[in-house]
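K.L.:
Below you'll find the structure I mean.
Just so it is clear, none of the values below were taken in a lab; they were calculated from the coordinates. These numbers were taken from a predicted model, which means no experiment stands behind them. When we count neighbours, we look across all protein chains shown, and the Cβ atoms used for this are built from the backbone with ideal geometry, even at glycine.
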Amino acid sequence: MRVLITTDAFPPSCGGSGWSTYELAKGLREGGHEIEIVRPLVDPEAETTKFDGFAPRPFRQWTPNLPYIRNYFRNERLYARLATEISRLIREQKIDIVHAQHRLTGPPSITAANLEGVPAVCTVRDYWPVCYWSDLIVNPDAEALCPSCTVSTMARCVRPRAGTLWPCALPMIPYMRGNLFRKRRVLSLSATVVAVSSAIATDLKLRAPELANTCVVTIPNPVDVEGIRRTVELQPAPLQGDYGLYVGKLEVNKGVLKLFSALSAARFDWPFIIVGDGAERARLEAEAQASGRDVRFVGWRPREEVLAWMRHATILVFPSQGPEALSRVLLEAGALGVPIAAMDTGGTTDIVLHERTGLLSQTADGLGVDVARLRTDANLRVRLGRAIRQRVDEKFASRVIVRRIEMLYERLLGERTTVSS
């Protein structure tokens, strides 16, 4: 098959969605398929580079640095231009199937594929079809998630994001609602929507009535478990002795503001390593200093170093507040057999089964209790580490997931052939 993958992100400089897209592309290539990749660039400094034999085709979209206006250029303006380019590539490269990977590429890819008469698959990795901010958080300081994207809830979620100028943002609410409706309407035209977790699939069914007649399947992100393990074999331990670990963005939706209360409740006395960066770093550094604990901020590190920190960690703490779609941090840590204490949010329960492959909690205090259990019970750490390693092998390994994607492609192409004949 000739597969066109359209993606917002791709290695080497990217987050989890980019690495998941790469794992899919690599697995398909190893299966004998021909892969073309298109990546829109909406940030002036963004560049595409070759990686592992893949050379994504860049598509630039100028974007002004103005709230809401920026989103219009990254959405409606980009969609029209990118759809035209994707249509051209489908014809010139004789593409059999188009697989969009995220919010910038989903709508234009579906539009182009339908225009050219080829199946369109769209993977939904977070909440972009049902939340303007993609995180379901109304108030970053509150526990409760957004119940629905109504005018009143949008007015509430604008306030903490716009600050003192929030009244000026209220006239943008009709645009925000229209933006979400247009995304869902186009998404409904996919041959199949792939939700990466049961939580995403459930939310699409509950919050996106436009998808009532669209095929939605749950297929998780692939993880190259063998490759991850080979990589860490070559990496020395970054720190001798026991330590706890957090990996990810230092942002409110990642639950980092609960981290120190959990460590305090656990009376955590090992070094605690924070790999990542973000808007809350200064605040966290101040809390760390006030706590008197041995907390070390190492910032963003090359992927090989991050995996080494994971491989040798005694405990991974995952305090995420937002409804995680399917955390790559948890998948990679699981592949390495790291014992995990996590907040029970979103698709986390697809990976971490409470008391079976990790520990799940509903509150920061509960997270502290779980961290304390892992800190003091070596047998529990061994049992949970082995169990989650096995679960990732069986449910999330690339060889398993890529084959499921291939079977989906084969079904869609078979249906197209049947209809044509």
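K.L.:
With 31 Å as the limit, write out which pairs from Lys50/Lys205; Lys183/Lys258; Lys183/Lys249; Lys94/Lys249; Lys94/Lys205; Lys94/Lys395 have Cα-Cα distances beyond it, or answer none. Kindly include the intermediate steps, with their values, before the conclusion.
P.N.:
Details: Lys50/Lys205 38 Å; Lys183/Lys258 33 Å; Lys183/Lys249 26 Å; Lys94/Lys249 40 Å; Lys94/Lys205 33 Å; Lys94/Lys395 33 Å.
Over 31 Å Cα-Cα: Lys50/Lys205; Lys183/Lys258; Lys94/Lys249; Lys94/Lys205; Lys94/Lys395.
K.L.:
Take every Cα-Cα pair in the range 289-344 and report what % of them are more than 14 Å apart.
P.N.:
Values: 959 of 1540 pairs.
Everything past 14 Å amounts to 62 percent.
K.L.:
Taking the Cβ of Asp8 as the center, what net charge do the other residues with Cβ under 9 Å away carry, scoring Lys and Arg +1 and Asp and Glu -1? Could you put the intermediate results ahead of the total?
P.N.:
Working: positive: Arg39, Arg103; negative: none.
Local net charge: +2.
K.L.:
List, in order, the whole-Hz ³J(HN,Hα) value for each residue of the range 155-161 obtained from phi through the Karplus relation with A = 6.51, B = -1.76, C = 1.60 and θ = phi - 60°; use x for Gly and Pro.
P.N.:
Coupling constants for the range 155-161: 4, 6, 6, 5, 4, x, 8 Hz.
K.L.:
With no solvent and one point on each alpha carbon, what is the Debye value of log10 I(q)/I(0) for the chain at q = 0.11 Å⁻¹?
P.N.:
For the requested q values the scattering log ratios are -0.86.
K.L.:
Just to confirm the number: angle between the C-alpha axis of helix 78-92 and the first principal axis of the chain, 0 to 90 degrees, nearest 10?
P.N.:
Roughly 60 degrees, rounded to the nearest 10.
K.L.:
While we're on this one: Pull up all non-local amide H partners of Arg57: gap of 5 or more, or a different chain, and H-to-H distance under 5 Å with H placed in the peptide plane.
P.N.:
Ile37, Val38, Arg39
K.L.:
Read phi for every residue in the range 144-154 and hand back ³J(HN,Hα) as whole Hz from Karplus 6.51 cos²θ - 1.76 cosθ + 1.60, θ = phi - 60°, with x for Gly and Pro.
P.N.:
Along the range 144-154, the couplings run 5, 8, 5, x, 5, 8, 8, 4, 5, 5, 5 Hz.
K.L.:
Pairing the Cα long axis of helix 106-116 with the longest principal axis of the chain, what angle in degrees results, from 0 to 90 and rounded to the nearest 10?
P.N.:
30 degrees
K.L.:
Something else now. Take the Cβ-Cβ distance between Ser152 and Leu66 as r, set R0 to 25 Å, and report the resulting FRET efficiency rounded to the nearest 0.05.
P.N.:
0.45
K.L.:
How big is the range 29-99 in terms of Cα radius of gyration and Dmax, in angstroms?
P.N.:
Computed over the Cα atoms of the range 29-99, radius of gyration and Dmax are 14.3, 44 Å.
K.L.:
So what are the three principal axis dimensions of the range 225-395 from its Cα atoms, in whole Å, longest to shortest?
P.N.:
Taking max minus min along each principal axis of the Cα atoms, the range 225-395 gives 41, 33, 30 Å.
K.L.:
Related question: In whole angstrom, how far apart do the alpha carbon centroids of the range 11-88 and the range 191-236 sit?
P.N.:
19 Å
K.L.:
Right, next: To the nearest 10 degrees, how steep is helix 198-207 against the longest Cα principal axis of the chain, on a 0 to 90 scale?
P.N.:
Tilt of helix 198-207: around 60 degrees.
K.L.:
Sticking with this one: By how many nm would the segment from Leu234 to Arg386 lengthen if fully extended, with 0.36 nm per residue of separation less the alpha-carbon distance? Write down the numbers at each step before the final one.
P.N.:
Numbers: separation 152, 0.36 × 152 = 54.72 nm, distance 2.13 nm.
Separation in residues times 0.36 nm, less the Cα-Cα distance, equals 52.6 nm.
K.L.:
Continuing with this model, one more query. Could you give me D for the range 302-386, from Stokes-Einstein at 25 °C and 0.890 mPa s, where the hydrodynamic radius is the Kirkwood radius over C-alpha pairs? Units µm² s⁻¹, please.
P.N.:
Values: Rh = 12.7 Å.
Estimated diffusion coefficient is 194 µm²/s.
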